[in-house]
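Accompanying notes for the structure given below.
The values are calculated or read from the model by the stated rules, or taken from the named source; none is laboratory data. All values derive from a computational prediction rather than experimental measurement. When we count neighbours, we look across all protein chains shown, and the Cβ atoms used for this are built from the backbone with ideal geometry, even at glycine. Please note that ligands, DNA and RNA were not included when accessible areas were found on the heavy atoms of the full protein model with its side chains. Shrake-Rupley method; radii C 1.70, N 1.55, O 1.52, S 1.80 Å.
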Amino acid sequence: MDLEQARRLWSPEPGWLNTATYGLPPRPAWEALQAALAEWRVGRTSWEGWDESTGRARYAFAGLVGVPPSRVATGATVSALVGLVAGAVPDGARVLVPEEEFTSNLFPWMVHADRGFVVRTVAARDLASAVDRHTDVVAFSLVQSATGEVADVDAVLAAAAEAGALTVIDATQGVGWLPVDASKADVLVCAGYKWLCSPRGTAFLTVRPEVAERIRPARAGWYAGEDVHASFYGPPLRLAADARRFDESPAWFSWVGAAPALELLAAVGVDTIRRHDVGLADRFRAGLGLPPSASAIVSVDVPGAEQRLAAAGVRAAVRGGRLRASFHLYTTEADVDRAVEALVG
Ligand SMILES: Cc1ncc(COP(=O)(O)O)c(C=O)c1O
């Protein structure tokens, strides 16, 4: 599907420059969700039809990040998925995290202080050079949520490989607009409700099989069973052999909305989406007299930005005292120009 066709499937109110907080659903996602809610209201169906969406979303996500679906687990939040991984790391681990990191990939490490974890933070741009031979884990965002800075993933992964450290990437602010190869990292986590235009309550974990061996499926229930439909009652423990054993029982309606959104983004193609999103981000930057950057998230210091944008009907965010504006495939040039005018006019 081409970009223009896809864009017609969204109907945002003008001025939404805040996908880094939450993304908006395309019409097929919205309609699928409404249909499921209508079924739920009157008890028209059983849950199996809704649950097909979880598998479809897993498949589409796997394609977006270049790994087989057998390496993808589904969950509800990034923090819980990182927590699962942190629980598998031995006592006394030395963990390196960017100081700007969103806390969903920081607190799950810090809560293991009683097991002797030492969490060290450095500026994101210094991450690769801060890895040393004592480092056991490097946990970082592909794109920083507060600043939009895109990590030098290859440099960080190379430094981690040399140290023999586990790598855990939070790709929440990247997958959907930035090409991502999850196979390069030991673990990658991603929330669905931002750039993947899905409802809250959808998140993914990709894990290398040899790393998966070391992770306890601590949230396993019937849904993590090898045969879900034969896992409702009683022993023995019979979990899926692949990454599905890490699945959390799904929030059905969230997944019903997620599958069509992910499939649509995959059909448009991430390279196309990136060109559009970064093009608009750079248009915004140019309007403010800034050079282009390679990110769909722009962080700028403009005095009074919040009030000026609000008065113009533009919804953006303030992070760390700076304005954060973010641009996705449903964002228009008119949205950008409205924001620029409000800020510099
Ligand atoms: C980089 C990043 N990771 C994760 C999240 C959300 O985490 P969780 O799913 O744990 O609420 C956000 C939300 O802003 C984020 O920016």
Just one listed residue, out of Leu264, Leu329, is buried (at least 16 other Cβ atoms within 10 Å of the Cβ), closer than 30 Å to Trp50 by Cβ and touching a His at 6+ places or on another chain (Cβ under 6 Å), and it is Leu329
Quick test of your reading of the structure: Val143 fulfils all but one of (1) buried (at least 21 other Cβ atoms within 10 Å of the Cβ); (2) under 23 Å from Ser254 (Cα atoms); (3) within 16 Å of the ligand (Cβ to nearest atom). Name the failing condition by number.
(2)
Go through (1) open to solvent by less than 20 Å² (accessible area, probe 1.4 Å); (2) under 26 Å from Glu52 (Cα atoms) for Val270 and report which single condition fails.
(1)
Scanning the range 79-117 for residues that are of a type in the set (Gly, Ala, Ser) and under 15 Å from Val138 (Cβ atoms), the one nearest to the chain's Cα centre (by Cα) turns out to be Ala86
Hey, Arg120 part of a helix (DSSP H, G or I) and surrounded by fewer than 20 Cβ atoms within 10 Å (Cβ to Cβ) or not:
no
Looking at (1) over 17 Å from the mean Cα position of the chain (by Cα); (2) in contact (Cβ under 8 Å) with a residue 40 or more places away in the chain, which is the one condition that is false for Ser254?
(1)
State yes or no: is Glu263 touching a residue at least 40 places away in the same chain (Cβ under 8 Å), of a type in the set (Asp, Glu), touching a helix residue (DSSP H, G or I) at 6+ places or on another chain (Cβ under 6 Å) and under 30 Å from Leu81 (Cα atoms)?
yes
Say we look at the range 93-109 and pick out the residues that are within 9 Å of the ligand (Cβ to nearest atom) and in contact (Cβ under 8 Å) with a residue 40 or more places away in the chain; which of these is surrounded by the most Cβ atoms within 10 Å (Cβ to Cβ)?
Asn105
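Listed here are the residues, each with its yes/no results for (1) part of a helix (DSSP H, G or I); (2) open to solvent by 60 Å² or more (accessible area, probe 1.4 Å); (3) not β-branched (Val, Ile, Thr).
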| position | (1), (2), (3) |
| --- | --- |
| Asp114 | yes, yes, yes |
| Ser129 | yes, yes, yes |
| Val138 | no, no, no |
| Asp154 | yes, yes, yes |
| Leu157 | yes, no, yes |
| Gln173 | no, no, yes |
Spans of helices (runs of 4 or more DSSP H) in the range 1-92 with at least 2 residues in contact (Cβ under 8 Å) with a residue 12 or more places away in the chain, more than 16 Å from the ligand (Cβ to nearest atom) and open to solvent by less than 20 Å² (accessible area, probe 1.4 Å)
27-42, 48-65
